[in-house]
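**Q** Okay, here's the structure, questions in a sec.
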Amino acid sequence: MSINIEDFLSTKEEQDIVDAIREAEQNTSGEIRVHLEHSSQGNIEKRALEIFYTLKMENTKLQNAVLIYVAVNDRQFAIYGDKGINNVVPSNFWDSTKNSIEKHFKSGNFKQGLVDGILMAGEQLKIHFPIAKDDINELPNDITTS
């Protein structure tokens, strides 16, 4: 069964996700984005990487941006962190965030999965990339689609 991206989340749910991004980014210089797409057309990690670069997320000063990519009709998601993050964190860094998102997604609670994942990512990023006095929001907080 095919789902329209527009029907995946309600307007209120989208706002809750944007609010979670703002909240998560209050304590870290890291940047978090969410991208929704119908299908990854195959390899979800490869597609998440392509979207990461399409959204120019590699241009953050500390290379500490994170993309949560969701292929709606494939019922899959991926988390892609830039090299600034991956250079300082253990290889299993995103496992707890992925597990939390997956648990909610399996029960059909997509909004809560994304909100919890975003907040967890923010907490984890805060450890390695605490907010600086001169921090600016380098990337938009909106949800992107393609």
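The values are calculated or read from the model by the stated rules, or taken from the named source; none is laboratory data. Here the structure is a predicted model, which means the values were calculated and not measured. Don't worry about glycine lacking a Cβ; one is built from the backbone with ideal geometry, like all the others, and counts go over all protein chains shown. To get the accessible areas, we keep the full protein, side chains included, count just its heavy atoms, and leave off ligands, DNA and RNA. Shrake-Rupley method; radii C 1.70, N 1.55, O 1.52, S 1.80 Å.
**Q** Identify, from the list L119, L125, the residue that is closer than 11 Å to A24 by Cβ and touching a Gly at 6+ places or on another chain (Cβ under 8 Å).
**A** The unique qualifying residue is L125.
**Q** Taking region 93-114 on its own, how many of its residues are open to solvent by 50 Å² or more (accessible area, probe 1.4 Å), of a type in the set (S, T, Y) and within 26 Å of P130 (Cβ to Cβ)?
**A** At the first step, the residues of region 93-114 found to be open to solvent by 50 Å² or more (accessible area, probe 1.4 Å) are 95-96, 98-99, 102-103, 106-107, 109, 112.
Okay, now just the ones that are also of a type in the set (S, T, Y), so 96, 107.
Imposing the further condition that a residue be within 26 Å of P130 (Cβ to Cβ) reduces the set to 96.
So the count comes out to 1.
**Q** Looking at region 48-60 only, could you name the residues that are part of a helix (DSSP H, G or I), open to solvent by 90 Å² or more (accessible area, probe 1.4 Å) and not hydroxyl-bearing (S, T, Y)?
**A** Matches in region 48-60: N59 only.
**Q** What is the number of the single condition among (1) at pLDDT 95 or above; (2) surrounded by fewer than 17 Cβ atoms within 10 Å (Cβ to Cβ) that H38 does not meet?
**A** All conditions pass for H38, except number (1).
**Q** While we're on this one: Count, please, the residues in region 46-81 that happen to be modelled with pLDDT of 95 or more and among the acidic types (D, E).
**A** Number satisfying all stated conditions: 2.
**Q** Also, quick follow-up: Are any residues in region 61-92 buried (at least 19 other Cβ atoms within 10 Å of the Cβ) and part of a loop (DSSP other than H, G, I, E, B), and if so, which ones?
**A** Matches in region 61-92: N64, V72, D82.
**Q** Looking for whichever is touching a strand residue (DSSP E or B) at 6+ places or on another chain (Cβ under 6 Å) and open to solvent by 90 Å² or more (accessible area, probe 1.4 Å) here; the options are E45, E14, E23, E31. Which one fits?
**A** Details: E14 fails: open to solvent by 90 Å² or more (accessible area, probe 1.4 Å); E23 fails: touching a strand residue (DSSP E or B) at 6+ places or on another chain (Cβ under 6 Å); E31 fails: open to solvent by 90 Å² or more (accessible area, probe 1.4 Å).
Checking each option against the conditions leaves just E45.
**Q** So, in region 116-134, how many residues would count as being closer than 17 Å to I85 by Cα and either part of a helix (DSSP H, G or I) or acidic (D, E) (or both)?
**A** Of the residues in that region, 12 qualify.
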